[in-house]
Every structure is written in C-alpha cells, then in structure tokens.
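The values are calculated or read from the model by the stated rules, or taken from the named source; none is laboratory data. What you see is a predicted model, and the numbers here were worked out from it, not measured in a lab. So basically every Cβ, Gly included, is an ideal-geometry build from the backbone, and we count neighbours across all protein chains shown. Accessible surface is based on the protein model in full, side chains and every heavy atom, while ligands, DNA and RNA are left aside. Shrake-Rupley method; radii C 1.70, N 1.55, O 1.52, S 1.80 Å.
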Amino acid sequence: MKFSANLGFLWADRPLPEAIRAAHAAGFDAVELHWPYETPARDVKAALDATGLPILGLNTRRGDVAGGENGLAALPGREGDAHAAIDEAIAYADVVGAGAIHVMCGFGSGDEAHATFIENLRYACASTLKTILIEPLNRHDAPGYFLSTTDQARDIISEVGATNLKLMFDCYHVGRNEGDVTTRFTDLRDIIGHIQFASVPGRGAPDHGELNYAHIFASLADWSGPLGAEYKPGGDTDATLGWLAQFRG
C-alpha cells in the first residue's frame, strides 16, 4: 500500500515546504494539499524536487471563509469568482506538478445551484487535462453543503459527461454519511479518481474508531495510487504515525 500525506491537516503547524520534508522523512509516498495559495508555488516545487515526492492534488479556494463560504462552484451569480478560483488552481497545479484539482461547490441547494455547479464543472474540465475531482462532504461536518452523497456525485459526473471528472472517495465522509464503505467503493470504482481516509467519527488517525481500516485497506489492495491520509492529528503529527508502518506491512 502507498500513502499520501494531506498537508492541510498533517504538520499544519509548519510552513508548507517544511511539512513536505516532514512527510518525506516519515516515509509517505506522496503529498496532497488543501489551499496552498499563500505559499509561492516555486517554494513548494523546490521542496518537492528536493524530496522527490510527487504531489497528487489541491483544492480550489473556498471564497469568503470568514463570511461562511466553503466553495464557490454551486453559488448562482458567482460564476466569475468560481472560474477565477479554477484558473488559479490550475495555474498553481501546473507549477508544482499536481495532477488533480478538487473543485469545491460550497453551500446551496435546488435546481439553480445544480445548474451552476454543472456549468462550472464543465468549465473546469474543458480548461485542463488534469483530473477534476468532486467530493461529497458529510452532513454532520458541513450541513448545507451542496454535494453530500456519492449517488448525487455519480449523477453529476454522468451529466457533465467529461472523461476527466472523477469522484474523490473519502472513507471518512462516506462512513459518516452513508456507511457501508467497502460496498460503496466497489459500486463506484469506475468513477473514483482519488481515495482519502480518517477515523470515524473523530476524524483522527485510522488505527481507532468505528471503521476497520485493516479490512478497508485490504479491500483497496489493488488500488494503484497512494491513499490520502486526511485526518486531524490533534497534536504532534509524528506521534500519530504508528498506523503507517502497520498498514504498509
């Protein structure tokens, strides 16, 4: 098994280039980011080059976070902002070598939000050959988020009809919102572009909680890409990494 460190949560107390070096020292096979835009892309690229770690992906900006926004792509009337966030993410990903971009939809509901999200995803998919990812967020952590279930995501991917649009399958969000994680994975396998994980319900390291990650990881054994460790360490990241040796075997 290969694992990617999501540096939005892991070593989040360090500057991003230092976090990349820490992930390499800990034995991760890759890294992925949340919103790296305050760090110059050339600095991230230099740290990646120095460690030899590949970078898998990053998110589009959330918008006005202080005002409660958590993505822009399903907000009617904000298409210009959504396109700018997509363009920015593509440009940053080009410099650092990331192969995927998670387009965040934000809070909303109804037909107008749906139509807006479809249009913005078509814009994103037509703007790059990179993989465009969409991720359902669970209703406990993100109540009101437009995209909340894997069935909804599958329908949207079918409607957009772009070969580079894929599902971000986060075992944590699926486990909290839908359950039956391994069955959902099998049913959705053909549209999944990346996999992430954390314990349920606490979103900590995968060596505790309701989900049996020994079973889940065994069911993902033929997945060729690194699995994304997107969990909240609740303190020193290095102190939580006992699972890494355990599951890598």
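Here is what passes the span test in the chain: the DSSP H helices with alpha carbon length of 24 Å or more along the helix axis and a Kyte-Doolittle mean of 0.0 or above are 79-96. Around A142, with a cut-off of 13 angstrom between Cβ atoms, what is the net charge of the other residues, counting Lys and Arg +1 and Asp and Glu -1? For residues surrounding A142, the net value is 0.
At 1.4 Å probe size, what's the solvent-accessible area of D222? Round to the nearest 10 Å². For D222, solvent-accessible area is about 110 Å².
Between K2 and H208, the modelled labels are 3.1 nm apart [label points 7 Å from Cα along Cα→Cβ].
Around F28, what is the net charge, scoring Lys/Arg as +1 and Asp/Glu as -1 over all other residues with Cβ under 15 Å from its Cβ? Could you put the intermediate results ahead of the total?
On the way: positive: K2, R14, R21, R248; negative: E18, D29, E32, E230, D238.
Net local charge, F28 excluded: -1.
Note on E135: accessible area is roughly 10 Å² with a 1.4 Å probe, heavy atoms of protein only. Normalising the average separation of contacting C-alpha pairs (under 8 angstrom, six or more residues apart) by the number of residues puts the relative contact order of segment 132-190 at 39 percent. Rolling a 1.4 Å probe over the protein chains gives K45 an accessible area of about 70 Å². With a 10 Å cut-off between alpha carbons and a GNM built on the chain, which of G97, G110, G228 moves the most? For the chain, modelled as a Gaussian network with Cα springs under 10 Å, the answer is G110. Here is the size of segment 128-197 from its Cα atoms: Rg then Dmax, 11.5, 34 Å. Surface analysis of the chain yields an accessible area of 41 Å² per residue, using protein heavy atoms and a 1.4 Å probe. Accessible area per residue (1.4 Å probe, heavy atoms of protein chains only) ranks R184, R176, R139 as R139, R176, R184, with the largest value leading.
For segment 1-37 versus segment 136-188, the inter-centroid distance based on Cα atoms is 24 Å. Summing charges over neighbours of L48, with a neighbour being any other residue whose Cβ is under 12 Å away from its Cβ, gives 0 when K and R count +1 and D and E count -1.
Leaving out ligands, DNA and RNA, what percent of the accessible area of the chain is carbon and sulfur, probe 1.4 Å?
Values: 5030 of 10260 Å².
So the carbon and sulfur contribution to the accessible surface is 49 percent.
Each stretch of four or more DSSP H residues adds -39500 (n - 2.57); spread over every residue of the chain, this sum gives -12000 deg cm²/dmol at 222 nm. Over segment 1-122, the hull volume per residue, using the convex hull of the C-alpha atoms, is 115 Å³.
Using a Gaussian network model of the chain in which every pair of alpha carbons under 10 angstrom is joined by a spring, one finds that among A89, A22, A73 the greatest mean-square fluctuation is at A22. What the Kirkwood sum gives for segment 192-249 is a hydrodynamic radius of 11.9 Å, with every pair of different alpha carbons counted.
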